[in-house]
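Here is the structure we will look at, set down as structure tokens.
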Amino acid sequence: MNEALKSRIAAVFNEPACPTNNAKTEKERRKGCSKPLTPGAAAGGCAFDGAKIALQPITDAVHLVHGPLACEGNGWDNRHSGSSGPQTYRLGFTTDLSEMDIVLGNGEKLLYRAIREAIARHAPPAVFVYATCVPAMIGDDIEAVCRHATGKLGTPCIPVNAPGFVGPKNLGNRLAGETLLAHVIGTREPAVVTPTDVNILGEYNVAGELWQVKPLLEAIGIRLQATICGDARYNDIASCHRARVNMMVCSSALINIARVMQERWGIPYFEGSFYGISDTSDSLRTLAGMLVARGADPALAERTEALITAEEARAWARIAPYREALRGKRVLLYTGGVKSWSIVSALQEIGMVITHTSVRKSTDEDKGRIRALMGGDAHMVDSIPPREMYAQLARGEADIMLSGGRSQFVALKARTPWRDINQERHLAFAGYDGVVALVAELHRALTNPVWQEVRRPAPWECADAPAAAHSAAGG
Amino acid sequence: MAELVNARKALMTNPLKSSAPLGAALAYLGIAGAVPLLHGAQGCTSFALVLTVRHTREAIPLQTTALDEVATIMGGADNLEQALVNLTKRMKPRFIGIATTALVETRGEDMEGDLRLILARRPELAGVRVVLAHTPDYHGGLEDGWSRAVAAIIETIVEPADGAAPLPPQVNLLPGVHQTAADIEWMVETAQAFGLAAVVLPDVSQSLDGTVPAQYVATTLGGTALEDIVRMGRARHTIAIGEHMRAPAELLSARTGVPATVLRSLTGLGPADEFVALLSEISGRPAPAGLRRQRSQLLDAMLDGHFQFGGRRVAIGADPDLLFALSGFFAALGADIVAAVAATANAPHLAACAAKRVVVGDLMDLEDLARAGGAELLVTHSHGRQAAERLHIPLLRCGFPVFDRLGALHRGTAGYRGTRDLIFEVANTVLAGMHTHGPDDFASAIPPPFTADQEKHHAGASPVAH
């Protein structure tokens with residue numbers, strides 16, 4: 001691994017705006033943040049995966065993976081991050097390094113030719129070039145190739161140096177943030193600037209959730225300059241440094257972007273969420289307040305309050321028919337942890353009970369929020385081994401599990417309702433409409449008669465069934 | 001004979017190929033009490049796991065040696081040892097199948113040697129059979145990984161023939177990676193109909209077929225029993241499906257003396273007949289009535305369905321053996337294969353595919369060729385959905401992965417039954433896209449000066465629902 005990447009990782013680990021990092025001693029800090037993985041008991045994606053998740057929603061760019069097949073071949077077109085226009089980002093591009101390329105050291109030349117071919121056919125505004133383990137190990141210098149290609153071909157080629165073996169997905173998110181800061185943000189000037197321009201950081205437009213939020217912003221006169229990265233265009237991100245406020249969602253995965261943009265361009269930021277009614281209202285209120293404080297028309301705050309009053313009333317009215325059925329229902333919440341506090345408050349708002357929530361990837365600040373919401377530590381768990389999770393569900397300790405696709409079949413095989421709330425989900429749960437959609441979906445899951453059906457004993461399991469009698473006599 | 005073209009460009013766009021370690025993992029998942037272990041970075045496992053879960057809609061036990069930067073530089077033996085010990089403690093497998101990745105193969109370690117030392121010094125691994133296959137991502141694809149894993153299992157676990165001749169007589173079946181649970185079920189039932197007991201290696205029809213067990217099982221539940229693998233030498237014959245299973249079949253023959261036959265395909269009347277004739281010869285019995293009835297049903301399906309196949313322009317993208325099988329199937333019913341794209345070049349029979357030209361390439365090659373050839377039906381795995389949308393033609397999902405439709409494992413394309421059902425599926429897909437004729441379809445009854453190109457398009461553009 002080259003020195004530049006090493007020092008970049010060290011810098012990411014030493015994020016001054018990160019509360020977890022600040023709580024550490026100097027010695028702890030030097031060790032970095034990635035917990036060592038346990039071979040044979042590890043789960044989750046690698047740094048490359050994390051970087052790709054964060055950047056791929058730049059929908060008009062080519063995302064080219066330099067490596068052997070698996071890195072792109074096994075993972076492309078697998079998320080539902082929507083685009084309102086360009087579809088280039090859904091194509092899977094890779095150099096598909098062969099044995100000969102590796103043996104002969106052809107990697108850099110091959111990469112350059114691949115970049116050229118991609119630009120010739122797709123004419124993208126930029127090419128993001130991802131390093132993976134093998135080229136990183138044999139010393140392919142993707143930064144040099146990108147520099148050369150940018151000069152020669154006239155299209156920005158951006159090196160994303162986050163090979164899988166440097167750490168987990170979360171580190172990859174942050175390295176993606178570093179990439180944008182180093183090569184993209186602030187490289188172009190926006191055509192239009194308004195006093196209410198904002199950026200949203202850490203929103204990937206999964207299942208189209210951004211489109212549940214954007215109309216709210218537009219209704220009160222807030223202009224979304226860039227979403228990093230959801231339904232994003234290269235040019236919007238390149239020129240997003242003139243925005244007035246940054247809002248950070250999805251916890252602090254891209255906190256480095258928020259902090260540096262504040263240092264370089266004086267853009268204040270806050271952390272908010274669009275999950276749940278009160279969190280959505282709080283976020284809108286904070287956005288408006290911060291914009292007004294930076295000189296936007298004070299009427300913005302009034303418009304925001306009016307919208308909040310109307311939308312909250314509308315949302316509660318739409319939720320009302322479900323409340324009775326959902327009140328007191330017990331939820332096992334098992335997410336990567338990043339958004340758990342946000343989901344917790346959303347579920348509590350509608351009267352559901354959280355039996356446990358996982359905090360595997362949560363920061364101390366996230367945990368503090370959960371503690372405040374749930375009145376103590378008792379319900380926070382680090383991780384639940386699948387065997388234990390199955391046992392809990394089979395014993396009926398929760399009425400429904402909300403998790404990612406990875407644990408889906410633990411719940412279903414325990415014949416327990418389950419819904420996906422992670423990044424592979426197909427349903428959009430953000431904003432006021434999203435809460436209503438979530439509630440309707442939970443209601444649909446919990447009230448489906450299939451749960452009685454699949455628990456029905458088989459004919460041979462009934463004591464008085466002829467089949468049972470017959471086999472007993474036969475045995 | 002097809003002309004073979006290798007479209008090797010610097011840029012692969014929309015991979016058709018899945019990786020070799022993933023193919024090996026799928027094979028290991030067909031063994032009872034198994035946990036596949038990918039020797040590489042955690043992302044190698046994570047991507048493979050997500051894709052396999054989406055294809056099978058099952059919980060998949062797939063582990064990683066989680067190589068980090070230090071292990072990548074210093075060597076992965078320690079990680080391999082820890083992984084074996086940790087997962088044995090946690091998951092209590094009877095079998096661990098290791099598949100190497102590009103990461104460890106690029107460094108080039110003596111992994112067999114490491115593994116021998118680990119097994120010798122770790123008593124807690126005594127009850128577990130451990131197998132290692134070399135499957136670097138930069139070499140071949142799904143078929144290569146699957147084939148190498150099966151060969152590694154045979155090499156490590158099968159014992160030399162002991163002269164015992166079990167009753168009923170045994171036949172070994174080595175299905176290819178493209179065979180589904182439904183295909184394997186048909187093969188096993190058909191063997192049984194000839195009085196033969198089948199040992200299937202690997203048997204995903206027992207492990208990935210979707211059951212709801214009464215308790216949590218961390219490893220695979222069902223699959224080929226290790227005891228049965230040990231005794232594969234007792235069989236009268238081994239039948240392997242697909243050229244990629246030739247090497248494991250020959251290895252098994254060499255170790256046990258059991259004769260082997262490789263059938264290139266099981267899809268279509270001719271290939272199914274070959275399988276049945278072979279079983280008849282092995283067992284010395286005539287085909288039973290039930291099977292004769294199945295064949296008759298297939299003949300009827302061919303007669304009913306051929307209207308939708310004749311002259312139909314089809315574009316197929318698949319791994320070599322599946323491409324061979326599907327192109328033979330479509331050609332036998334009169335379809336015109338305007339594009340045939342193979343995911344890898346690693347097969348001796350690509351030139352024997354029923355197409356004028358076979359291109360080794362990606363899904364973008366398939367899309368370009370399909371467009372140029374005016375294809376009316378796209379046949380490939382689920383990743384072809386984007387191409388099908390852009391081409392405005394239906395997609396018949398075949399191969400791996402199929403992640404946007406249910407029941408991938410229960411959809412058969414093998415034997416009389418699978419071929420019959422495939423004919424219906426293709427014909428129904430074509431029928432669903434048909435429109436009823438209106439006057440506009442015949443607007444050029446007195447045509448402008450005739451060109452061959454227009455005639456071709458006119459003929460193809462207005463089929464009518466019967």
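The values are calculated or read from the model by the stated rules, or taken from the named source; none is laboratory data. Here the structure is a predicted model, which is why all the values come from computation and not from measurement. Cβ sites come from the backbone with ideal geometry, for glycine too, and all protein chains shown count toward neighbours.
Across the stretch A:153-199, which residue is nearest to the other protein chains (Cβ to nearest Cβ) among those that are assigned to a helix (DSSP H, G or I) and closer than 23 Å to A:GLU117 by Cβ? Step through it out loud before you land on a result.
The initial filter retains those residues of the stretch A:153-199 that are assigned to a helix (DSSP H, G or I), namely A:153, A:164-166, A:169-183.
In the following step, the residues that additionally are closer than 23 Å to A:GLU117 by Cβ were identified as A:153, A:179, A:183.
Working: A:LEU153: 13, A:THR179: 18, A:HIS183: 21 Å.
So the residue we want is A:LEU153.
All conditions but one from (1) assigned to a helix (DSSP H, G or I); (2) buried (at least 24 other Cβ atoms within 10 Å of the Cβ) apply to A:ALA253; the one that does not is (1).
The residues of the stretch A:210-244 that are within 21 Å of the chain's Cα centre (by Cα) and assigned to a strand (DSSP E or B), listed by number, are A:LEU224, A:GLN225, A:ALA226, A:THR227, A:ILE228, A:ALA232. Residues in the stretch B:302-332 that are aliphatic (A, V, I, L, M), more than 24 Å from B:GLY242 (Cα to Cα) and crowded, with 21+ Cβ neighbours inside 10 Å: there are none. Highlighted here would be strands (runs of 3 or more DSSP E) found entirely within the stretch B:349-466 that include at least 3 residues which are in contact with a Pro (Cβ under 7 Å, 6 or more places away or on another chain) and modelled with pLDDT of 95 or more, but there are none. Consider the stretch A:101-113 and keep the residues that are facing another protein chain (nearest Cβ under 9 Å) and farther than 21 Å from A:ASP49 by Cα. The one that is surrounded by the fewest Cβ atoms within 10 Å (Cβ to Cβ) is A:LYS109. Within the stretch B:398-430, the set of residues being within 14 Å of chain A (Cβ to nearest Cβ) and more than 20 Å from B:TRP146 (Cα to Cα) comprises B:ASP404, B:LEU406. Search the stretch A:68-95 for residues being among the hydrophobic types (A, V, I, L, M, F, W, C) and closer than 20 Å to B:THR100 by Cα, and hand back the single one that is farthest from the other protein chains (Cβ to nearest Cβ). Within the stretch A:68-95, the match that is farthest from the other protein chains (Cβ to nearest Cβ) is A:CYS71. Report, by residue number, each residue of the stretch A:270-282 that is farther than 18 Å from A:TRP316 by Cα and crowded, with 17+ Cβ neighbours inside 10 Å. Listed by number, the residues that qualify are A:GLU271, A:GLY272, A:SER273. Within the stretch B:343-391, the residues that satisfy the criterion of being within 14 Å of chain A (Cβ to nearest Cβ) and among the small types (Gly, Ala, Ser) are B:ALA343, B:ALA345, B:GLY361, B:SER382, B:GLY384, B:ALA387, B:ALA388. If you check B:LEU167 against the conditions, is it out of contact with any helix residue (DSSP H, G or I) (no Cβ under 9 Å at 6 or more places or on another chain) and over 18 Å from B:LYS17 (Cα atoms)? When the stated conditions are applied, B:LEU167 passes them. Any residue in the stretch B:254-268 that is touching a residue at least 24 places away in the same chain (Cβ under 8 Å), crowded, with 21+ Cβ neighbours inside 10 Å, of a type outside the set (S, T, N, Q) and more than 24 Å from B:ALA133 (Cβ to Cβ)? Yes, there is a match, as at least one residue in the stretch B:254-268 is touching a residue at least 24 places away in the same chain (Cβ under 8 Å), crowded, with 21+ Cβ neighbours inside 10 Å, of a type outside the set (S, T, N, Q) and more than 24 Å from B:ALA133 (Cβ to Cβ).
Residues to consider are B:VAL130, B:VAL53; find the one that is free of Cβ contacts under 8 Å to residues at least 40 places away in the same chain and not assigned by TED's automatic domain parsing to the domain that holds B:GLY222.
Values: B:VAL130 fails: free of Cβ contacts under 8 Å to residues at least 40 places away in the same chain.
Result: B:VAL53 is the single residue among B:VAL130, B:VAL53 that is free of Cβ contacts under 8 Å to residues at least 40 places away in the same chain and not assigned by TED's automatic domain parsing to the domain that holds B:GLY222.
Evaluation of B:LEU174 against the conditions (1) buried (at least 24 other Cβ atoms within 10 Å of the Cβ); (2) outside the structural domain of B:ASP273 (by TED's automatic domain parsing) shows that the sole unmet condition is (2). If you go through the stretch B:197-230 and keep only what is buried (at least 22 other Cβ atoms within 10 Å of the Cβ), among the aliphatic types (A, V, I, L, M) and part of a helix (DSSP H, G or I), you end up with B:VAL204, B:ILE229. Against the criterion of being within 16 Å of B:PRO21 (Cβ to Cβ), in a helix (DSSP H, G or I), within 12 Å of another protein chain (Cβ to nearest Cβ) and not polar (S, T, N, Q), B:VAL150 does not qualify.
Of the residues making up the stretch A:59-100, those that are among the charged types (D, E, K, R) and either over 30 Å from A:ALA428 (Cβ atoms) or buried (at least 24 other Cβ atoms within 10 Å of the Cβ) (or both) are A:GLU72, A:ASP96, A:GLU99. Among the residues of the stretch B:68-83, some residue qualifies, meaning at least one is hydrophobic (A, V, I, L, M, F, W, C), crowded, with 23+ Cβ neighbours inside 10 Å and modelled with pLDDT of 95 or more.
Residues in the stretch B:191-201: is at least one under 22 Å from the mean Cα position of the chain (by Cα) and polar (S, T, N, Q)? No, the stretch B:191-201 contains no residue that is under 22 Å from the mean Cα position of the chain (by Cα) and polar (S, T, N, Q).
The residue of the stretch A:294-304 that is nearest to the chain's Cα centre (by Cα), among those that are assigned to a helix (DSSP H, G or I) and exposed (fewer than 15 other Cβ atoms within 10 Å of the Cβ), is A:GLU302.
Restricted to the stretch B:242-338, the set of helices (runs of 4 or more DSSP H) holding at least 1 residues that are within 30 Å of B:VAL5 (Cβ to Cβ) comprises B:246-256, B:269-283, B:320-332. Residues in the stretch A:379-435 that are farther than 26 Å from A:HIS80 by Cα and more than 14 Å from chain B (Cβ to nearest Cβ): A:HIS379, A:MET380, A:VAL381, A:ASP382, A:GLY396, A:GLU397, A:ALA398, A:ASP399.
For the stretch A:272-293, how many residues meet the condition of being under 23 Å from the mean Cα position of the chain (by Cα) and either modelled with pLDDT of 95 or more or part of a helix (DSSP H, G or I) (or both)? Explain how you work it out, then say what you get.
Initially, the stretch A:272-293 is screened for residues under 23 Å from the mean Cα position of the chain (by Cα), giving A:272-284, A:286-287.
Remaining after also requiring either modelled with pLDDT of 95 or more or part of a helix (DSSP H, G or I) (or both): A:277-284, A:286-287.
Looking only at that region, the number is 10.
If you take the residues of the stretch A:168-219 that are among the hydroxyl-bearing types (Ser, Thr, Tyr) and touching a strand residue (DSSP E or B) at 6+ places or on another chain (Cβ under 6 Å), which of them is farthest from A:ALA10 (Cα to Cα)? Among residues in the stretch A:168-219 that are among the hydroxyl-bearing types (Ser, Thr, Tyr) and touching a strand residue (DSSP E or B) at 6+ places or on another chain (Cβ under 6 Å), the one farthest from A:ALA10 (Cα to Cα) is A:THR194. Filtered by the rule that a residue be among the aliphatic types (A, V, I, L, M) and closer than 16 Å to A:GLY266 by Cβ, the stretch A:186-200 gives A:VAL193, A:VAL198.
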